[in-house]
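Chemist: The following block contains the structure, expressed as structure tokens.
Every number here is computed from the coordinates shown, using simple stated rules; none is lab data. Just so it is clear, the model here is predicted, and its values are computed rather than measured. Cβ placement follows ideal geometry from the backbone for every residue including glycine, while neighbour counts extend to all protein chains displayed.
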Amino acid sequence: MRVAIIYNKDFSNVINVFGMQNKEVYNPLVVKRVADALEKGGHNVEIIDGDMNVIDNIKEFFPKTQDGEKFGIVFNMAYGIQGESRYTHIPAMLEMLGIPYVGSSPAGHAIALDKIITKIILQKNSIPTPDFWVFSSSDEDMTDVDFPVIVKPKMESVSFGLKVVYNIDELKEAVDFIVGEFKQQALVEKFIRGREFAVGLIGNSPVEVLPVLEIDLEGDPDAIQTVDDKKFKPKAKICPAPIDEELAKRMQDLSIKVFKTLGLRDFSRVDIRLDENNNIYILEVNSMASLGAAGSYVTAAKAAGFDFDALVNKMLDVASFRYFAKENIGLNLKSNSKKVPLPTRVRSFLRSRMDQTEKLLEEVIDINTYYKNIEGVNRLGSTIKKRFSSMGFSYESFPQSEVGNVLFFSNSDDGEYDYLLVGNLDNNVKLKNQKYFQRSEHKIYGTGVWEHKGGIVMMLQSLQALRYLRVLKKLKIGVLLTTDDTLQGSFSKNIIKEKSRRAKYVFGLHGGFPDGGMVTSRSGAAVYSCHMNLRENKNSEDVSKAVSVFSKLVADWSNLSNEKEGIIISPRELKLCSNITEPFAHGDLELSVRFNDDELFKKYDKKIRSMIPASKYKKTIDFHLEGGLKRPALTATEKSDEIMRIIKGIADNFDIRVNSEHRWSSADISNVDREKYVVDGFGPAGKKEHGGNEYILKHNLLEKSLLLSTLLIELSEI
């Protein structure tokens, strides 16, 4: 299942800084630990910042579901950035977007976060809670306050602003501090001398209650736990609490009643004070109990038999069941399980290297690799070569005079390969049109990032992951990077044929599409050049006739296109020059042909050549046609379908969107040996936008790396 973890990282990324500012944050290491736990549960995880771009980022990771696809779900860890009822902000947006999420509804969070409303509801339902007063200013009448009292902000958690006071002067000072610092009312609550406890809850129907936990106040009935205690010197926690079963049961039953009365969901923590006569008082409820390792909730869960990974996946399960009536969406984790599945370790490694991956992408994108810029193409090749050398791959270069050097890397000693990975180093973008590296929250932009460079970087990261897991040496891999893809493989086609004969599987590194499209068939390519010239420059009428004949020829060729039959014929470049007063006419045409069947092309090649009107106009007009087949079509076969079924099975396990598609574009992979298992499109999903700029989706960079790594491992075991 796709799981997006949302938490707050950039508190400045808002339209305006306005209203009450959040003081509660999650440590990024805890967020990463949650992500790791969910990945161990078999889920496809993305971490998203809950700022002003959150909807765009969610939309990229959770595209609209297609028939038969799973829904995604958000694991909400966002406390909010600013304003009132900040716990509600992300859940409210998710409700609007129609996206399931872990945790309470906006209404549940709003009630639980507002301590005053919570206490009113508790009182109305005969649930014991300390007496309280509410003040908006220290100027208000405080004569009926029964000291000692504890003063706290109306709508904060984690013990922010907490203080015990014993007289009017201290109370006025504390109220002024709360109102000034937190911009909200002060809740003044009768202080209960005694012991402090917490009860964790998880689930909905039924609600599972965790063992009662005691905060160790070291025998001091006047002690409390402040925010500084929680941050810098957490008090010891005792779980199960050293109390009799009857008292523990009363605390647990009351906590369940509180949970249901406030309309909470999935998980929460109830804080309790026990006076010296064993009277129970509900202090407050945290509808987003912290998942910090030293926190009460995680500690109590551990006492109940849930290690951290099992707890996190249990939280996801109870929310998934609430939405989909289906439990154990991921892997069945046991709290005593120590063996982490290999794909999970791959994903963890890839996630840990995302910063390095983006740095390498920036480096390669900013190198101009226009096919005539031989220095630039070879510089990119040298950059890639360093990465392969560090992994122990041998290196072979095929020098070319008109383009950069074709490169081949391998970790095989005998010249045979289980896998051949095919990519290219060149493109058709001149330096003046180069788009340099840019990134947004969810996309990476730049020339070549989708067409070829993203796939190369993704492939390098996949191989690094396999090396880290010590399985790379068990796989015989060849990697061929051509430098004439723009020229239809004019120089490298024989190299591709020869190298592919030695491999069992051939995978292409071109980018996939956002809808998951991977390539099982490609059109072949043919290019013709036609030149027309007026023989005699005497008669103005002949100029008109030459132009008319040439234009009709172009139109007739174009009209041969038949997409249903599988052939497209279109002018790529057309130049026509003529003059009536000084009679001359000249035309140049580059005709591009895409076809899906080689035998079909042979028939159309004859048609194209036969349509030159040479005999009728040979005395007045010269025609010259050259060119023809550049690359054959890559047709889908039973073998490509078989591999796609395996790929689809892996992708389904990771909730990665994948499907087969045909592309009308031609590529070097069309030149591989036809008897091989062939699939293209292993590069990250993205596309080329109008104007030539390209982008890839950041989250899919990791997904495709994981997909390729896992596929190589799985195929080696067949």
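Chemist: Taking the Cβ-Cβ separation of residue 222 and residue 467 as r and a Förster radius of 56 Å, what is the calculated FRET efficiency to the nearest 0.05? Please list the in-between numbers first.
Modeler: On the way: r = 59 Å, r/R0 = 1.05.
Calculated value: 0.45.
Chemist: In the range 253-268, which residues have a backbone nitrogen under 13 Å from the label point lying 7 Å from residue 322's Cα in the Cα-to-Cβ direction?
Modeler: 259-268
Chemist: In whole Hz, with x marking every Gly and Pro, tabulate ³J(HN,Hα) for the range 212-219 from phi via Karplus 6.51 cos²θ - 1.76 cosθ + 1.60, θ = phi - 60°.
Modeler: Here the 3J(HN,Hα) series is 5, 10, 10, 7, 6, 8, 6, x Hz.
Chemist: What percent does the relative contact order of the range 524-631 come to when contacts are Cα pairs within less than 8 Å and at least six residues apart? Mind dumping the intermediate values first?
Modeler: On the way: 191 pairs, mean separation 48.5, N = 108.
Relative CO of the range 524-631 lands at 45 percent.
Chemist: For the chain, give me the percentage of DSSP beta bridges that are antiparallel, rounded to the nearest 5 percent.
Modeler: Details: 88 of 122 bridges.
Beta bridges within the chain, antiparallel portion: roughly 70 percent.
Chemist: Taking only C-alpha pairs under 8 Å that are 6+ residues apart, what is the relative contact order of the range 2-110 in percent?
Modeler: Values: 162 pairs, mean separation 39.7, N = 109.
About 36 percent, as a whole number.
Chemist: Under a cut-off of 17 Å between alpha-carbon atoms, report the lysines in cross-link reach of residue 9, not counting same-chain residues fewer than 8 places apart.
Modeler: 23, 32
Chemist: Residue by residue, what Karplus-based ³J(HN,Hα) values in Hz, rounded to whole numbers, does the range 525-532 have, using 6.51, -1.76 and 1.60 with θ = phi - 60° and x for Gly and Pro?
Modeler: For the range 525-532, the Karplus curve yields 10, 9, 9, 10, 10, 10, 10, 10 Hz.
Chemist: Can you sort 474, 545 so the residue with the fewest Cβ neighbours within 10 Å comes first? List each step's numbers first, then the result.
Modeler: Details: 474 12, 545 16.
Exposure proxy ranking, most exposed first: 474, 545.
Chemist: Fewest Cβ neighbours within 10 Å first, please rank 90, 713, 15, 621 accordingly.
Modeler: Lowest count first: 15, 713, 621, 90.
Chemist: Here is a follow-up. When the Cα centres of the range 509-537 and the range 450-491 are compared, how far apart do they sit, in Å?
Modeler: Centre-to-centre (Cα) distance: 24 Å.
Chemist: Run lengths n ≥ 4 of DSSP H only: what is the helix-derived mean residue ellipticity at 222 nm for the chain, with -39500 (n - 2.57) per run over all residues, to the nearest 500? If you can, show how the numbers build up before the last one.
Modeler: Numbers: 20 runs with 247 residues, N = 718.
Calculated from helices alone, the mean residue ellipticity at 222 nm is -11000 deg cm²/dmol.
Chemist: Return the long-range amide H neighbours of residue 74 (sequence gap of 5 or more, or a different chain), with a cut-off of under 5 Å between placed amide H atoms.
Modeler: Hits under the 5 Å cutoff: 4, 101, 102.
Chemist: Taking each full run of DSSP H in the chain as one helix, which ones are at least 27 Å long along their axis (Cα atoms) and have mean Kyte-Doolittle hydropathy of at least -0.5? Numbers along the way, then the final one.
Modeler: Details: long enough: 540-558 (28 Å, 0.20); 698-716 (28 Å, 0.54).
Flagged H segments are 540-558, 698-716.
Chemist: Let me ask something else. Using the count of nearby Cβ atoms within 10 Å as a rough guide to exposure, how do 413, 275 rank from fewest to most? Please report the intermediate quantities before stating the final value.
Modeler: Working: 413 8, 275 14.
Ordered from fewest to most neighbouring Cβ atoms within 10 Å, 413, 275 come out as 413, 275.
Chemist: Can you tell me how much longer the chain between residue 641 and residue 603 gets when fully stretched, taken as 0.36 nm per residue apart minus their C-alpha distance, in nm with one decimal?
Modeler: Working: separation 38, 0.36 × 38 = 13.68 nm, distance 2.76 nm.
Working it through step by step, the gained length comes to 10.9 nm.
Chemist: A further question follows. In whole Å, largest first, what are the principal axis extents of the Cα atoms in the range 2-110?
Modeler: 43, 29, 26 Å, listed from the longest principal axis down.
Chemist: Which residues' amide hydrogens lie under 5 Å from the amide hydrogen of residue 163, considering only partners 5 or more residues apart or on another chain, with H built in the peptide plane?
Modeler: 151
Chemist: What are the residues whose amide H is under 5 Å from the amide H of residue 535, where those residues sit 5 or more places off or on another chain and H is modelled from the backbone?
Modeler: Long-range HN contacts for residue 535: 621, 622.
Chemist: Sort the following peptides by mean Cβ neighbour count (other Cβ atoms within 10 Å, averaged over residues), highest first: 633-640, 254-261, 194-201. Mind dumping the intermediate values first?
Modeler: Working: 633-640: 18.0, 254-261: 20.2, 194-201: 24.9.
Going from most to least packed, we get 194-201, 254-261, 633-640.
Chemist: Also: For the range 580-597, just list the computed ³J(HN,Hα) in residue order, Karplus coefficients 6.51, -1.76 and 1.60, θ = phi - 60°, integers in Hz, with x standing in for Gly and Pro.
Modeler: Working through the residues one at a time gives 8, 5, 10, x, 7, 8, 9, x, 10, 9, 10, 9, 9, 10, 10, 9, 9, 8 Hz.
Chemist: Under 8 Å for C-alpha pairs, at least 6 residues apart: give me the relative contact order for the chain, rounded to a whole percent.
Modeler: Values: 1471 pairs, mean separation 87.3, N = 718.
It comes to 12 percent, rounded to a whole number.
Chemist: Would you mind putting 282-289, 700-707 in packing order, based on average other-beta-carbon counts within 10 Å, highest first?
Modeler: Numbers: 282-289: 23.1, 700-707: 26.8.
Final packing ranking: 700-707, 282-289.
Chemist: So between residue 416 and residue 144, what do we pick up on full extension, going 0.36 nm a residue minus the alpha carbon distance?
Modeler: Once the chain is fully extended between residue 416 and residue 144, it gains 89.0 nm.
Chemist: What aspartates and glutamates could a cross-link reach from residue 172, if we take a straight Cα to Cα line under 15 Å and drop same-chain neighbours fewer than 8 places away?
Modeler: Counting by Cα, and skipping residues close in sequence, residue 172 has these aspartates and glutamates nearby: 139, 140, 141, 144, 146, 181, 189.
Chemist: Now for a separate question. For a 32 Å ceiling on Cα separation, which of these pairs sit above it: 432/545; 564/630; 372/443; 314/676?
Modeler: Numbers: 432/545 40 Å; 564/630 22 Å; 372/443 29 Å; 314/676 44 Å.
Violating the 32 Å limit, Cα to Cα: 432/545; 314/676.
Chemist: Using only alpha carbon positions, build the gyration tensor of the range 114-324, then give the equivalent ellipsoid semi-axes as the square roots of 5 times its eigenvalues, largest first, whole angstrom.
Modeler: On the way: eigenvalues 175, 67, 56 Å².
Computed over the range 114-324, the values are 30, 18, 17 Å.
Chemist: Starting from 0 in steps of 10 Å, tell me what percent of the Cα-Cα pairs of the chain lands in each bin.
Modeler: Answer for the chain: a P(r) of 3, 13, 19, 18, 14, 12, 9, 6, 4, 2, 1, 0, 0 percent.
Chemist: Also: Shape call for the range 457-525 from the C-alpha gyration tensor, a ≥ b ≥ c root eigenvalues: rounded (a/c under 1.5), prolate (a/b greater than b/c) or oblate?
Modeler: Working: a/c = 2.09, a/b = 1.36, b/c = 1.54.
Note, shape of the range 457-525 comes out oblate.
Chemist: Would you calculate the separation in nanometres between label points at residue 166 and residue 440, each defined as 7 Å from the Cα along the Cα-to-beta-carbon direction?
Modeler: That separation, rounded to one decimal, is 6.0 nm.
Chemist: Along each of its three principal axes, how wide is the spread of alpha-carbon positions in the range 524-631, in whole angstrom units, largest first?
Modeler: 47, 24, 21
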